[in-house]
Every structure is written in C-alpha cells, then in structure tokens.
Amino acid sequence: METGVSQSEQRCEPMHKEDSVDLFPQVVAHEMKLRTFSGTPDNLDQINVGEWIAEAKRNIRLLGYKGRGSVDYFLKFLTGPAQKRVEKLAWRDSCNSEGVLAVLKDTYGENLTLGELHLRFYQRTQGVLENVWTYSDALEMLHEEIVKVEPTQVTSRSDNLKEVFLKGLRDQGLQSGLCWYLCGRPGLSYEELVQIAAEK
C-alpha cells in the first residue's frame with residue numbers, strides 16, 4: 001500500500017538545503033517562526049528551554065512535520081551552543097524530534113526547586129506578542145515540570161491551569177468574559193477553555 005513517504009524519507013536520509021526550503025509555503029513559514037534559542041548563559045534569548053520546546057512542539061504539530069523534517073525546522077531557530085549540540089548528535093538520533101528536544105532540555109534545563117517551579121508557573125503571564133495557543137502550551141510545559149517533582153499535582157492539573165491561564169491573559173475583556181462563562185460551567189476542561197479563548 002502506498003504511504004506517500006519516499007524511500008529516502010524512510011531511511012531518514014539528509015535533505016538538501018534547497019529542498020527543505022520548499023517544505024511549506026513562505027507565508028506559513030513566516031507565521032510559524034520560533035524565537036531563537038542559543039543556550040548561552042547570559043540568556044540573551046529571553047526564553048528558557050522549556051518555553052522554547054513548548055513553542056516548537058506546537059509549531060511542528062500545526063505544520064504536520066515528522067522525524068527529520070521536525071529537526072530541520074528546529075535548526076532554523078537554534079544558534080550558538082544549542083545549534084552545535086544538536087549538530088553533534090549521531091545521524092540516527094538526529095532523526096528523532098522528541099530525542100532532540102530531550103537533549104536540549106537535559107543540556108539547558110534548569111534544576112529548580114519545587115518552590116521555584118511553583119513561582120514560575122503562577123507568575124507566568126501572556127506575552128505581548130504571544131497568542132493564546134503558545135501561552136497555553138508554555139503553561140502546560142511549566143506544569144509538567146511541577147508534576148515531575150510532585151506527582152500528586154497531576155490530580156489538580158486542569159484547575160491549576162485554568163486559574164493561571166485566566167489570571168495571566170493579556171486581554172482584560174476576554175479574561176472577564178471567560179471568568180463569567182466558567183462560573184456557570186465548573187466542569188469545563190482546560191483544553192475546552194483554551195479553545196474558547198482562541199475563538200474569541
């Protein structure tokens with residue numbers, strides 16, 4: 001049966017640079033850009049690796065990238081030490097997008113205490129140029145870090161995320177409207193809340 005995947009892609013062979021440019025229309029490429037991440041100690045990127053990974057995962061999901069295509073996309077937005085770290089991976093490992101993101105997280109992630117993780121989560125607000133989906137993904141990533149340290153927090157995941165998501169929304173009108181909407185629907189999931197917010 002035809003799968004639409006070429007033998008070259010199945011073997012995870014390298015793509016030519018000129019081929020990778022045509023993977024998606026230029027208008028989509030522009031809209032789906034990531035902030036760059038370098039992994040430098042001075043944090044000139046103004047983004048931590050957890051948030052960068054959240055944005056990267058969202059973009060490749062929307063673009064439909066898999067395997068090496070995802071990694072090629074990541075490399076467009078990596079610079080400095082982070083770019084070199086990925087380029088040094090064995091070819092087999094560099095075909096695995098989840099593996100590449102795990103390496104970046106292990107290399108550049110911070111060993112924060114539970115208190116510091118809670119502080120970062122509850123103080124997170126929507127950035128000026130950040131849409132609802134990217135903001136939501138960043139919150140989920142931060143909450144995942146808390147659950148790894150304190151697994152019992154998984155039981156209150158939806159409530160915690162809804163609370164912080166609403167509190168941190170940049171649009172005060174949207175925030176008020178959603179709070180009112182949520183009061184009459186306490187069983188609404190976090191994912192449903194985000195979907196409603198994105199449609200407003």
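Of all residues in the stretch 48-67, those being crowded, with 22+ Cβ neighbours inside 10 Å and more than 23 Å from Thr125 (Cβ to Cβ) number 0.
Of all residues in the stretch 143-169, those that are touching a residue at least 12 places away in the same chain (Cβ under 8 Å) and over 25 Å from Cys183 (Cα atoms) total 4.
Looking across the stretch 94-137 at every residue that is among the acidic types (Asp, Glu) and under 17 Å from Ile53 (Cα atoms), the one that is surrounded by the most Cβ atoms within 10 Å (Cβ to Cβ) is identified as Asp137.
A short reminder: the numbers here are calculations on the coordinates, not readings from a lab. This one's a predicted model, so the numbers in the text were calculated from it and none came from an experiment. Here Cβ is always computed from backbone atoms with ideal geometry, including for glycine, and neighbour counts include all displayed protein chains.
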